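Remarks on the structure that follows.
The values are calculated or read from the model by the stated rules, or taken from the named source; none is laboratory data. In this text, all values refer to a predicted model and were calculated from it rather than measured experimentally. As a convention, Cβ positions derive from the backbone with ideal geometry for all residues, glycine included, and neighbour counts pool all protein chains shown. Quick note on the areas: whole protein, heavy atoms, side chains included, nothing else; ligands and nucleic acids left out. Shrake-Rupley method; radii C 1.70, N 1.55, O 1.52, S 1.80 Å.
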Amino acid sequence: MPGWKSVEGLFQDLRYTTRQLGRNPGFAIVAVLSLALGIGANTAIFGLIDHVMLRFLPVRNPEELLVVRGLFSYPRFEQIRDRNEVFSGVFGSHTLTDMTVKTPGNPAGQATGELVSGTYFQMLGVNTVIGRPILPEDDRAPESSPVAVISYGFWKQTFGGSPDVLGKKLQVRTGSANANTGGLDIYEGPGSRNTEGAVLTIIGVAPPEFFGDAVGTSTDIWIPMMMQPAAMPGRPWLAQRGASWVNIMGRRKPGVSEEQARASMAVLWRRILTDEAGDKITEKRKREIAQANLRVESGEKGFGQIRRQFSQPLQVLMTVVGLVLLIACLNVANLLLARATARRREIGVRLSLGAGRARLIRQLLTESLVLASLGGALGLVVAGVATQVLLAMVAGSNEAINIPFQADLRTLGFAAGLAALTGILFGLAPALRATRISLADTLKDAARNSAGGRRGSTAKILVAGQVSVSLLLLIGAGLFLRTLYNLKHEDVGYDRENLLLMCMDPISAGYRRDDIGRVCQRVLDRVRNIPGVRAATFSENGLFSGTESGGGVDVEGFTPSSDDDRTCRFDQVGPGYFTNIGIPLLLGRDFNERDLPGAPRVTIINETMAKFYFHGSNPIGKHITSARFQMEIVGVVRDAQDHNFRWEPVRRFYVSYFQPIDGITTANFEIRTVGNPAGVISMLRNEVQAVDRNLPVLHVRTVKELMDQSVTQEKLVAKLSAVFGALAMMLAAIGLYGVMSYAVARRTNEIGIRMALGARSGNVARMILGEVSVLIVAGAVAGIGGAWASTRLVKSLLFGLTALDPLTFAGAAAVLALVGIVAGYIPARRASKIDPMVALRYE
């Protein structure tokens with residue numbers, strides 16, 4: 001039975017491999033650990049890439065979904081939903097930020113929520129495990145359906161998976177809002193509504209595999225979109241055409257392609273804009289509408305921005321861990337070469353007794369695959385730990401990746417495939433080399449030196465390859481670490497130490513736009529009296545938080561050549577803003593308590609804006625016009641980074657918080673402390689509550705913490721590339737040590753003769769270190785060449801240095817050379833201590 005003989009032979013190979021590895025536990029442990037680190041790291045990064053970049057939404061036929069990119073007002077969403085000709089159904093959603101949830105018997109806590117239209121679950125093809133989903137009937141009228149569907153995880157964590165969860169109440173309230181309100185005054189006054197948020201009845205629990213409509217995020221609670229005014233007190237957006245806040249996704253009708261849907265939606269969008277313009281449409285507006293378009297993209301992976309945010313860093317890290325695995329494979333290949341050399345007599349005897357070469361190659365490959373399988377199994381454990389470390393590194397970001405590591409079929413398949421590939425990769429060449437021998441010479445043991453020389457040269461080539469790949473990884477790690485250092489030490493235009501940012505949301509407490517300045521002044525007066533507070537002010541956008549406001553301006557004495565020449569960003573700030581934060585005034589004055597409503601409108605511009613519009617002349621007293629207001633320039637301040645380290649200085653102007661030109665939504669207090677900012681946080685919250693107990697404090701964070709959150713990608717890449725670079729260097733050093741130790745053992749006779757003829761210990765040590773240096777130099781030359789060709793591919797991730805930075809290249813080469821010399825010194829020292837008499841009697 002030929003089939004049974006093959007199976008029997010396989011079991012024989014496995015038994016023999018088990019005995020061989022049991023006799024050499026040191027070899028087995030080193031090989032398995034090396035492979036486990038490489039396979040585990042690759043599996044962890046693959047798990048993230050799989051969830052963030054490759055997976056589809058866990059819904060019915062996700063390939064039929066299309067996303068209409070952008071934020072839309074609810075009236076525009078209704079137009080797209082009702083007038084399109086390419087979708088069988090359309091739904092809208094809005095992510096709720098800073099949402100507080102209170103459940104019966106539990107204290108208030110944070111949760112993630114989403115407002116969804118009535119067709120949400122129906123269009124996605126998602127049903128509930130108990131209860132019912134949100135239905136089109138829940139879209140009847142504002143606040144008509146105070147219901148909610150909760151996630152499976154929220155059900156288990158908050159309600160213990162109790163089946164009687166249906167009918168229980170949730171009280172939800174959200175703080176800040178993610179929307180573009182277009183500067184409209186769309187907020188209600190104090191006392192016009194309940195500021196405690198919405199009380200909802202749980203009607204269903206989503207299935208465990210459903211996390212929402214964005215890959216990489218996880219939603220706890222889904223709420224009908226008609227409950228928006230209650231869930232977001234003070235922001236009645238449902239009827240506001242100027243408030244853009246709804247995400248839109250649709251399912252294509254059968255037979256409609258993406259291209260057809262894209263073309264049809266572009267036509268519909270122009271019709272909607274034309275209808276909105278009405279009979280008084282201008283020729284300029286007609287030209288703008290003719291060029292207007294909608295970005296319609298595949299929705300199979302949802303709305304999330306995480307895919308765009310982390311795709312390039314994850315691709316870089318996948319390349320890095322792939323190279324680490326390559327080094328591990330080269331190390332194990334070297335171990336197998338040494339092991340095959342030691343087993344030459346055994347293999348020669350087996351061949352002489354009639355064993356076929358193919359049979360021996362199969363047995364040696366079985367040994368390699370067993371090592372790879374053990375490495376893959378242990379690698380899954382490493383991957384689980386590594387994934388949690390990866391997620392912890394981005395846990396502080398504003399939009400953190402929320403992906404638990406699960407050894408599902410895709411992950412197991414990747415790990416198994418990788419283990420099989422590596423087993424063949426590092427096992428085939430040693431197996432072929434081991435079985436390509438001369439029987440006569442092997443049995444007479446006469447070819448030791450020649451065979452060893454051939455093995456030695458192959459091993460040295462492999463080690464040089466390890467050195468080159470390690471240097472490539474070290475150079476990459478150096479570039480990313482220096483990028484992170486440059487970002488963290490970038491001159492932002494003010495002192496970031498001992499600086500707190502407290503974000504409040506007066507709108508959700510019922511304050512109108514005209515009242516926000518007064519309540520902020522009351523809070524400011526109390527904050528300034530807190531022991532340990534040195535200075536305080538406030539602004540709308542805040543430092544490294546909030547949103548960026550911008551628009552077109554007309555500048556006195558300047559004729560723009562295009563609309564871009566009119567574009568500037570702006571912020572609305574409180575009295576003494578620049579003095580308290582520490583942004584230097586170059587000309588004129590800061591804002592003060594006299595810049596109130598009714599007083600002449602004033603503005604302060606930054607250095608870049610002054611240079612662009614005034615070309616070195618004094619701008620004080622000149623006027624700029626923005627929207628409906630004309631403002632007099634009373635000051636010029638130094639450029640300052642307040643949102644993103646990577647942005648070049650842009651034209652920016654500031655207006656008084658009490659003379660706003662745009663609708664104010666939030667208040668960010670910038671507070672400078674004498675000592676550790678953490679000591680005043682509780683007192684800050686108490687003072688806010690003393691002014692108004694309904695006034696929510698969304699968060700209090702140090703500016704340094706907010707700055708760290710803005711460089712999440714850079715931290716992830718820098719830290720992991722440094723770890724993997726160090727691991728690669730360690731593996732290369734082990735490989736170098738192993739090769740030179742083997743070379744010294746093989747050349748014991750030669751070294752003994754040299755010393756017997758008068759060679760000193762120092763001469764022998766220098767000879768061995770010289771060979772080590774040759775390997776390092778050869779590997780370094782190849783590594784520098786590879787780095788020169790590849791680092792330019794990641795130049796978009798760098799900051800403050802070039803992809804061919806000579807200092808980084810030189811530093812990485814020096815570190816690797818030092819580690820390599822240390823690894824080679826031990827065998828060199830051992831060689832210099834050989835006793836000539838013992839060496840001459842060797843075997």
Among the residues of the range 360-416, the number that are modelled with pLDDT of 75 or more, of a type in the set (A, V, I, L, M) and either touching a strand residue (DSSP E or B) at 6+ places or on another chain (Cβ under 9 Å) or open to solvent by 40 Å² or more (accessible area, probe 1.4 Å) (or both) is 12
Could you please give the count of residues in the range 500-533 that are over 36 Å from the mean Cα position of the chain (by Cα) and of a type in the set (S, T, N, Q)? 2
Looking at the range 756-778, can you tell me whether even one residue there is open to solvent by 60 Å² or more (accessible area, probe 1.4 Å), under 27 Å from the mean Cα position of the chain (by Cα), closer than 30 Å to residue 485 by Cα and not polar (S, T, N, Q)? no
Residues satisfying the stated conditions in the range 231-252, i.e. open to solvent by less than 10 Å² (accessible area, probe 1.4 Å) and under 23 Å from residue 510 (Cβ atoms): 231, 232, 233, 234, 235, 237, 243, 245
Is the range 286-295 home to any residue that is open to solvent by 30 Å² or more (accessible area, probe 1.4 Å), closer than 26 Å to residue 212 by Cβ and not in a helix (DSSP H, G or I)? yes
Matching residues, the range 800-840, being under 12 Å from residue 479 (Cα atoms), hydrophobic (A, V, I, L, M, F, W, C) and either open to solvent by 80 Å² or more (accessible area, probe 1.4 Å) or outside any helix (DSSP H, G or I) (or both): 801, 803, 804, 807
Go through the range 289-306 and report how many residues are touching a Leu at 6+ places or on another chain (Cβ under 8 Å) and either hydroxyl-bearing (Ser, Thr, Tyr) or more than 23 Å from residue 251 (Cβ to Cβ) (or both). 3
Pairing a residue in the range 327-352 that is aliphatic (A, V, I, L, M) with any residue that is modelled with pLDDT under 80 and not in a helix (DSSP H, G or I), where Cβ atoms lie under 7 Å and the two sit 6 or more apart in sequence or on different chains, gives 347/435; 347/437
Within the group 451, 477, 464, which residue is in a helix (DSSP H, G or I) and at pLDDT below 75? 451
Inspect all residues belonging to the range 740-752 and state whether any of them is surrounded by fewer than 19 Cβ atoms within 10 Å (Cβ to Cβ), modelled with pLDDT of 85 or more and in a helix (DSSP H, G or I). no
Yes or no: the range 86-107 includes at least one residue that is surrounded by fewer than 20 Cβ atoms within 10 Å (Cβ to Cβ), at pLDDT below 90, within 30 Å of residue 697 (Cβ to Cβ) and of a type in the set (Gly, Ala, Ser). yes
Where a residue in the range 290-313 is more than 23 Å from residue 58 (Cα to Cα) and its partner, wherever it lies, is at pLDDT 90 or above and open to solvent by 50 Å² or more (accessible area, probe 1.4 Å), with Cβ under 6 Å and at least six apart: 292/270
Need the failing condition index for residue 216 against (1) open to solvent by 20 Å² or more (accessible area, probe 1.4 Å); (2) modelled with pLDDT under 85; (3) of a type outside the set (Ser, Thr, Tyr); (4) within 28 Å of residue 58 (Cβ to Cβ), just the number. (1)
The correct count of residues that are at pLDDT 90 or above and surrounded by fewer than 23 Cβ atoms within 10 Å (Cβ to Cβ) in the range 502-512 is 1
Read through the list (1) under 25 Å from residue 554 (Cβ atoms); (2) open to solvent by less than 20 Å² (accessible area, probe 1.4 Å); (3) assigned to a strand (DSSP E or B); (4) touching a residue at least 60 places away in the same chain (Cβ under 8 Å), then give the number of the only condition that residue 642 fails. (3)
Residue 209 vs. criteria farther than 27 Å from residue 87 by Cβ and among the acidic types (Asp, Glu): no
The range 298-355, subset within 22 Å of the chain's Cα centre (by Cα), small (Gly, Ala, Ser) and closer than 30 Å to residue 483 by Cα, residue modelled with the highest pLDDT: 322
Filter the range 125-170 down to the residues that are in contact with an Asp or Glu (Cβ under 7 Å, 6 or more places away or on another chain) and within 22 Å of residue 218 (Cβ to Cβ), then identify the one that is surrounded by the most Cβ atoms within 10 Å (Cβ to Cβ). 150
Scan the range 536-576 residue by residue and report those that are surrounded by fewer than 18 Cβ atoms within 10 Å (Cβ to Cβ) and over 30 Å from residue 616 (Cα atoms). 547
Of all residues in the range 712-732 being of a type in the set (A, V, I, L, M, F, W, C) and surrounded by fewer than 20 Cβ atoms within 10 Å (Cβ to Cβ), the one that is farthest from residue 173 (Cα to Cα): 730
Within the range 49-73, how many residues turn out to be within 16 Å of the chain's Cα centre (by Cα), open to solvent by 10 Å² or more (accessible area, probe 1.4 Å) and in contact (Cβ under 8 Å) with a residue 24 or more places away in the chain? 3
